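Okay, so here's the structure we're looking at.
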Amino acid sequence: MGAAADPPAARERDRRLREELTAGPVELIRLTERRGAFRRFKDVLARDECAWRRFHRLSGERRLGPARAWLAEEGCRPRLPVGGDG
């Protein structure tokens with residue numbers, strides 16, 4: 001099994017992540033240049049369900065932004081539903 005099943009290893013990993021995440025700008029740049037930086041970021045997010053959902057909502061909005069801008073430039077507007085349920 002991996003580090004997730006080993007509480008001492010998990011605690012040590014968490015300690016290192018805390019140190020890295022509270023580092024100054026130069027250290028943060030170094031952290032993001034290493035392999036697996038995004039994976040570590042996602043691991044930290046996954047521990048907090050609210051943060052995980054917020055990240056994915058913002059990420060999705062960021063992906064949709066350029067498409068919405070293009071559609072607006074082309075004159076497309078969203079249609080609002082008219083009437084009741086059926």
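The values are calculated or read from the model by the stated rules, or taken from the named source; none is laboratory data. Keep in mind that this is a model prediction, so the values were computed, not measured. Quick reminder, even Gly has a Cβ in these numbers, built from the backbone with ideal geometry, and neighbours come from all protein chains shown.
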* For segment 4-13, indicate whether the set of residues that are surrounded by 11 or more Cβ atoms within 10 Å (Cβ to Cβ), modelled with pLDDT under 80 and not in a helix (DSSP H, G or I) is non-empty. => yes
* Asked: Any chance segment 61-74 includes a residue that's at pLDDT below 80, of a type outside the set (Asp, Glu), out of contact with any Pro (no Cβ under 8 Å at 6 or more places or on another chain) and part of a helix (DSSP H, G or I)?
  -> no
